[in-house]
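Asker: A single structure is presented below for examination.
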Amino acid sequence: MAEILVLGAGIVGVCAGLALQERGHAVSLIDRDQPGHATSFGNAGIIQSEAVEPYAMPLARRDLLAIAAGRSNDVRWCWRALLEQGKALAAYARHSRPTAHTRAIATYRRLIPQACTAHAPLIRAAGAEDLIRRQGYLELYRSTQALDGVQTMAMRFRAEYGVGVALLDGAALRRAEPAIRADLPGALHWADCWTVTDPAALTLRYADLFVRRGGQLLRGDAAALDRAGSGWRLSLTDGESVQAEHVVIALGPWSPAVLARFGLSVPMVLKRGYHRHYTATAAPDHVLVDAENGIVLAPMRAGLRICTGADLAARPDADPPQLRRGEAAATQLLGPLSPAEPGIWSGRRPCMPDMLPVIGAVPGQPGLWANFGHGHHGLTLAAVSGGILADMVEGQDAYPTLSPARLA
Ligand SMILES: Cc1cc2nc3c(=O)[nH]c(=O)nc-3n(C[C@H](O)[C@H](O)[C@H](O)COP(=O)(O)OP(=O)(O)OC[C@H]3O[C@@H](n4cnc5c(N)ncnc54)[C@H](O)[C@@H]3O)c2cc1C
């Protein structure tokens, strides 16, 4: 049994804490705020068991032109963002070429199918069944041409990876989701995914479970982490300090800043996303992905959450155009919507250029471990990567491609 500090109580850190605790370690989970209040607060809530191929940067000329001209709602950029994130974006482009992408898929297709099964025992033990829905999500298409275009991909996913997906024509879509007013040609139904109606509450329930199982939840700033002999020490907000043999960096988008102090330079693409909740005249029953408008409409406990695609800007926009376009698209689909809250949430997806999370021992720093960089799929992969990290701390490494050594 070892003393372990996990820094960061987002969904990734909390799941890591639970996994390490299950192996008999004495774990403290440390955050500067309450669990799940940062990136893990605002996601679309999909446990994406279908996402076996990580999202590569679109490199086709037509896609790049659409992004450059601001026609795509998936990605928004500005010159300043390109300067700030240029190195990481260039690496992302290199890793998005077919051969490198195939390498990333080889790992991802092993991780993603475990997503729901890894969450299942935690959901049960945390008493969080009321937050989970198991009816998949619908990926809507507004033109027959676009729907035809994705059919081949969907059938390939079914044949090659065993992903549960069905093609719905317009009539089947209307039966599945009567709230949609627009006359659409059809949708893909990704049937095996689970959805969460309050991602922050799920993280909090997992954190409560961690405490019930004997874990400590503490307040502190990871920037104060220091060596103490062969181990580690961290001063806490209340003036006390904690020491341990091992420390796990699970700080999501803030991980690179802390690791830079210990000699590891982490290139990360930070893809900002926005959300706001709305009251809809007729709320959908399923999570809906409006693929051609780059938004997700997720029925949540707080209302209908419209989530946007990626904004590469470092600072949040007070009136994000991607959300404005998302509101217009959602209104076409569902009828009038009114905001259920005054503010707009934003957070940054911590994306690694090679599209794989970073899990394992930090080179040259005995007792320092990484578990971050889950990009678009941190909720999906949190429970899987907690288990992988716990195996690694015990000396078993079934996923060498995730190692932080690849960054050194
Ligand atoms: C709009 C949007 C939609 C998304 N939709 C989905 C989806 O449907 N499915 C999915 O799987 N993923 C989705 N994601 C991605 C997912 O939300 C993230 O991958 C995930 O939340 C990352 O979790 P994390 O624990 O690594 O980071 P975080 O949740 O950001 O946790 C990091 C923690 O570190 C703490 N921290 C930071 N700095 C310090 C410090 N110095 N000291 C102490 N503590 C510190 C923070 O307070 C925070 O609690 C989406 C993301 C966005 C933005």
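Asker: Would you work out what percent of the accessible area of the chain, with all protein chains in place, is carbon or sulfur (probe 1.4 Å)?
Answerer: Values: 9100 of 16920 Å².
C and S atoms contribute 54 percent here.
Asker: Using a 1.4 Å probe on the protein heavy atoms only, what accessible surface does I11 show? Give it in Å² to the nearest 10.
Answerer: Result for I11: roughly 10 Å² accessible.
Asker: Still on this structure, I have one more. Please tell me the relative contact order of the chain in percent, rounded to the nearest whole number, where contacts are Cα pairs under 8 Å and at least six residues apart.
Answerer: Relative contact order, the chain: 26 percent.
Asker: Can you tell me the orientation of helix 144-161 relative to the chain, as the angle in degrees between its alpha-carbon axis and the longest Cα principal axis, to the nearest 10?
Answerer: So the inclination is approximately 40 degrees.
Asker: Calculate how many DSSP beta bridges within the chain are antiparallel, expressed in % of all such bridges and rounded to the nearest 5.
Answerer: 70 percent
Asker: So how do E341, E3 rank on accessible area, 1.4 Å probe, biggest first, that is with the largest at the start?
Answerer: Descending accessible area places them as E3, E341.
Asker: Which three extents, in angstrom, do the Cα atoms of the chain have along their principal axes, listed largest first?
Answerer: Principal extents (Cα only, largest first): 66, 44, 43 Å.
Asker: With the contact rule set at Cα under 8 Å and sequence spacing of 6 or more, what percent relative contact order holds for the range 175-330?
Answerer: Details: 171 pairs, mean separation 27.9, N = 156.
Reported as a whole number, the value is 18 percent.
Asker: Amide H to amide H under 5 Å from L184: which residues, 5+ apart in sequence or cross-chain, H placed 1.01 Å off N in plane?
Answerer: Those lying under 5 Å, H to H, from L184: there are none.
Asker: Calculate the translational D of the range 66-223 in whole µm² s⁻¹ from Stokes-Einstein, where the hydrodynamic radius comes from the Kirkwood formula applied to all Cα pairs, the temperature is 10 °C and the viscosity 1.306 mPa s.
Answerer: 80 µm²/s
Asker: Short version: ³J(HN,Hα) in whole Hz for each residue of the range 266-281, in order, from phi by Karplus 6.51 cos²θ - 1.76 cosθ + 1.60 (θ = phi - 60°), x for Gly and Pro, what are they?
Answerer: 10, x, 9, 8, 9, 9, 5, x, 10, 8, 8, 9, 9, 9, 10, 4
Asker: Where does the chain land at 222 nm, in deg cm²/dmol rounded to the nearest 500, when only DSSP H runs of n ≥ 4 count, each adding -39500 (n - 2.57), divided by all residues? Could the numbers behind the result be given before it?
Answerer: Numbers: 11 runs with 138 residues, N = 408.
Computed ellipticity for the chain at 222 nm equals -10500 deg cm²/dmol.
Asker: May I pose another question? Which value results for Rg/Rh of the range 1-76 when Rg is the Cα radius of gyration and Rh the Kirkwood radius based on the inverse mean 1/r?
Answerer: Result for the range 1-76 is an Rg/Rh of 1.19.
Asker: Could you sort I46, I344 by their accessible area in this structure, using a 1.4 Å probe and putting the largest first?
Answerer: The ranking, largest first, comes out as I344, I46.
Asker: Taking the Cβ of H95 as the center, what net charge do the other residues with Cβ under 12 Å away carry, scoring Lys and Arg +1 and Asp and Glu -1?
Answerer: Combined, the nearby Lys, Arg, Asp and Glu give +3.
Asker: Using only the Cα atoms, what convex hull volume per residue in Å³ does the range 134-253 have?
Answerer: Roughly 204 Å³ of hull volume per residue.
Asker: Also: For L218, which sequence-distant residues (separation of 5 or more, or a different chain) have an amide H within less than 5 Å of its own amide H, given hydrogens modelled in the peptide plane?
Answerer: L29, I30, D31
Asker: Would you tell me the accessible area of T99, worked out with a 1.4 angstrom probe on the heavy atoms of the protein chains, in Å² to the nearest 10?
Answerer: Accessible area, nearest 10 Å²: 100 Å².
Asker: Tell me, what is the Rg over Rh of the range 274-408, with Rh the Kirkwood radius over Cα pairs?
Answerer: In the range 274-408, Rg relative to Rh is 1.11.
Asker: Can you give the percent of C-alpha pairs in the range 1-140 whose distance is more than 21 Å?
Answerer: Beyond 21 Å sits 63 percent of the P(r) for the range 1-140.
Asker: On to the next question. What do you get for the angle between helix 98-111 and the principal long axis of the chain? Use alpha-carbon atoms, 0 to 90 degrees, nearest ten.
Answerer: In the chain, helix 98-111 runs at an angle near 70 degrees to the longest axis.
The values are calculated or read from the model by the stated rules, or taken from the named source; none is laboratory data. For clarity, every value in this text was computed on a predicted model and none was experimentally measured. All Cβ positions, glycine included, derive from the backbone under ideal geometry; neighbour counts span all protein chains shown. We work out accessible area using only protein heavy atoms, side chains counted, and drop any ligands, DNA or RNA first. Shrake-Rupley method; radii C 1.70, N 1.55, O 1.52, S 1.80 Å.
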